[in-house]
Amino acid sequence: MKKIWATVAILVVAVGIYFLENKNSAPPAPSATSVGNSQNDSTAPAATQNSAMAPVAATAIATTAPNDLSARAASPNPPATTDATPNLPPPTVLDNARVAIHNYNAAFGENPVGNNVEITAALMGKNPKQINFINSESGLHVNANGEMVDGYGTPLFFHQLSGQEMEIRSAGEDRKLWTFDDQVTR
């Protein structure tokens, strides 16, 4: 009986996340060429990396949507940072950096390599497909040195664990790496 309730709870959370992600976006009207053609169905939602739950949404949608990663990536010409840029909590920004790395891995079969500047450049379109995985809506920002910064404005530390796994470290509120308040994700 506990398994049934656990399954129901997971489904309720997944449906809630879906509706929260899509509450402000109405699906586009189907064009004459897409009516009756399931491959070109423009009403299928696209996964985004704008939330901490994007991998869940991407998994659910990847089975029904075409395998076009450019639809899930940020615009090649991201808008300039403005006052309209959301001010997300630092843990969310860190998780969105993790999602960007995972989306890059899904597109190329490996993680970007190098220091922060090189990884940020690869995520911003300096890659073979010129896909931009960073957008301002996800709270991901790049400083004047070309480094991706955490929610506190401190450059992130990327540690490649393997070709498929990367540790991302935020210095935390004290803005010093390797202290008790560091935040880490993989």
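The values are calculated or read from the model by the stated rules, or taken from the named source; none is laboratory data. Nothing here was measured: the structure is a model prediction, and the numbers come from that model. Methodologically, a virtual Cβ is constructed for each residue, glycine included, from the backbone with ideal geometry; neighbour enumeration extends over all protein chains shown.
Taking the residues in segment 155-186 that are closer than 19 Å to LEU140 by Cβ and among the charged types (D, E, K, R) as candidates, determine which candidate is surrounded by the fewest Cβ atoms within 10 Å (Cβ to Cβ).
Filtering segment 155-186 for residues that are closer than 19 Å to LEU140 by Cβ and among the charged types (D, E, K, R), the one surrounded by the fewest Cβ atoms within 10 Å (Cβ to Cβ) comes out as ARG186.
Within segment 108-131, does at least one residue satisfy the condition of being in a strand (DSSP E or B) and either without any contact (Cβ under 8 Å) to a residue 24 or more places away in the chain or surrounded by 18 or more Cβ atoms within 10 Å (Cβ to Cβ) (or both)?
No, the conditions are met nowhere in segment 108-131.
Show the residue pairs that are 6+ apart or on different chains and have beta-carbon atoms under 6 Å apart, the first residue being within segment 160-178 and without any contact (Cβ under 8 Å) to a residue 40 or more places away in the chain and assigned to a loop (DSSP other than H, G, I, E, B), the second being among the aliphatic types (A, V, I, L, M) and surrounded by fewer than 17 Cβ atoms within 10 Å (Cβ to Cβ).
From segment 160-178, the pairs are ALA171/LEU177.
Would you check if GLY153 is modelled with pLDDT of 90 or more, over 16 Å from the mean Cα position of the chain (by Cα), under 18 Å from THR92 (Cβ atoms) and not polar (S, T, N, Q)?
yes
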